[in-house]
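Right, one structure below, let's go through it.
What follows is calculated from the coordinates using simple rules that are stated; it is not laboratory data. Just so you know, these numbers come straight off a predicted model, no measurement behind them. So basically every Cβ, Gly included, is an ideal-geometry build from the backbone, and we count neighbours across all protein chains shown.
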Amino acid sequence: MQIQIDKLIRSKRKTIALIVERDGGLTVRAPTRISQSQINAFVQEKSDWIIRTREKLKLIVQMPARQYSDDETFLFLGSSFDLKLVKAQRPSLQFDNGFTLSRTAQKRGASLFMRWYKERAYDVISERVTQFAKQYNFTPKQVKITSAKTRWGSCSPNGTLNFTWRLVMAPLDVIDYVVIHELAHLRVKDHSSKFWGVVESIYPEYKKKRKWLRENGEKLNL
Ligand SMILES: [Zn+2]
């Protein structure tokens, strides 16, 4: 597939940079000395990335803002569940194979859902961490749930494993991959081949899960 360059900016820079703009247009920043055919070749080489980035942008733009009203759907452990508004209940947000929310609490939907996800994330993820740590001899210090937007997990130098609450929207096998990834950082800090070797020895299927996160991560959000 031939990719069109919408804007070409030449400057004294040393490398070519590709920018997919918010409207999906492609801007290329290139060194003055490099030829047009070299630029075209570079763009074609990166066509997969450009197409993927455009798809992601479309998803973000198309996603309507949440109203926390009837029939909106919410992800939990990889499945989608409906929301129904109900008369006042305590707690205001409840889950039983679907969500129910007090009509009077609709305005607080965002914070109620976030709190619910944070609690579930802690329950699910700390249980997985404990299980894998025991099985494969890791000694994490503690599990913390964060509101990180761009990273699924991280490992602090003191041995604390951090995970974003959004992760609990993903299927359990994807959660397991992120858990094992962070546990493996307790042994190897960087992303060297040694590190991936540790991950693979515990979870041979890990590449599929990484791919799933790259392709679907954008959807794991309120
Ligand atoms: Zn990592």
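Of all the residues in segment 125-176, those that are of a type in the set (Ser, Thr, Tyr) and either assigned to a strand (DSSP E or B) or surrounded by 20 or more Cβ atoms within 10 Å (Cβ to Cβ) (or both) number 4. Within segment 160-169, identify whether any single residue is hydroxyl-bearing (Ser, Thr, Tyr) and more than 16 Å from the ligand (Cβ to nearest atom), and answer yes or no. Scanning segment 160-169 turns up no residue that is hydroxyl-bearing (Ser, Thr, Tyr) and more than 16 Å from the ligand (Cβ to nearest atom).
Search segment 190-212 for residues being within 12 Å of the ligand (Cβ to nearest atom) and either touching a residue at least 24 places away in the same chain (Cβ under 8 Å) or polar (S, T, N, Q) (or both), and hand back the single one that is nearest to Tyr136 (Cα to Cα). This residue is Tyr206. Checked across segment 177-188, the condition of being under 17 Å from the mean Cα position of the chain (by Cα) and more than 16 Å from the ligand (Cβ to nearest atom) holds for no residue. Taking Phe81, is it in a strand (DSSP E or B) and of a type in the set (A, V, I, L, M, F, W, C)? Judged against the criteria, Phe81 is a match.
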